[in-house]
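Report on the following structure.
The values are calculated or read from the model by the stated rules, or taken from the named source; none is laboratory data. Fair warning: this is a prediction, and the values are worked out from it, not measured in the lab. Cβ atoms come from the backbone with ideal geometry, glycine included; neighbour counts cover every protein chain shown. Just the protein is used for accessible areas: all its heavy atoms, side chains included, with ligands, DNA and RNA removed. Shrake-Rupley method; radii C 1.70, N 1.55, O 1.52, S 1.80 Å.
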Amino acid sequence: MKINGRKKNIIITSYGKKIPTDKIEATLKTVESVTEAIIVGDNKPYCSAVFWVDPQKCNNKTIEQAIKKLNNELEHPAQIKRWKILDENLLDKPKNSNAQLKTNRQELLKQIEDVIETLYTSQNENKADSNN
């Protein structure tokens with residue numbers, strides 16, 4: 001499955017930094033339990049990630065280690081500061097995919113709008129170690 005939308009998925013942070021998300025998302029999808037990942041942060045002060053995982057293989061520690069490793073390779077504005085693992089697989093819902101079975105990024109972002117907002121307002125979400 002692939003998320004589609006704009007030809008190039010670029011986040012522009014509230015500081016005006018342009019961050020292409022495709023390579024970051026592709027790297028995160030290589031983590032064993034991750035079935036899909038989406039990077040968010042448009043008009044926000046930092047980047048965050050939302051993950052869909054295989055519940056039988058899900059290991060939060062593995063995901064946390066992958067984020068730390070990836071953050072070491074990314075420039076500061078592109079580093080993932082917070083993330084959320086979702087229980088419900090919105091990717092399986094018919095209105096989230098097109099005729100080629102690709103996921104519509106904008107429709108998906110609308111559906112997880114509340115989740116995204118909590119990544120920027122809640123103090124209880126997963127955070128990357130600030131010592132990167």
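Kindly give the semi-axes, whole Å and largest first, of the ellipsoid equivalent to the stretch 1-76, taking each as the square root of 5 times a Cα gyration tensor eigenvalue.
22, 15, 10
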Legend entry - Accessible surface of the stretch 1-73 [probe 1.4 Å, protein heavy atoms]: carbon and sulfur percent: 49
Legend entry - Label zone at residue 61 (point 7 Å along Cα-to-Cβ), backbone N below 17 Å, the stretch 22-37: 32-34
Inset, instruction - At 7 Å along the Cα-to-beta-carbon direction for both residue 15 and residue 123, put a label point, then send me their distance in nm to one decimal. - result: 2.3
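Quick one: length gained pulling residue 76 to residue 8 fully straight, 0.36 nm per residue minus the C-alpha distance?
Net length gain for the segment: 22.4 nm.
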Inset, instruction - Mind ranking 8-14, 43-49 by how tightly packed they are, going by the mean number of other C-beta atoms within 10 angstrom, highest first? - result: 43-49, 8-14
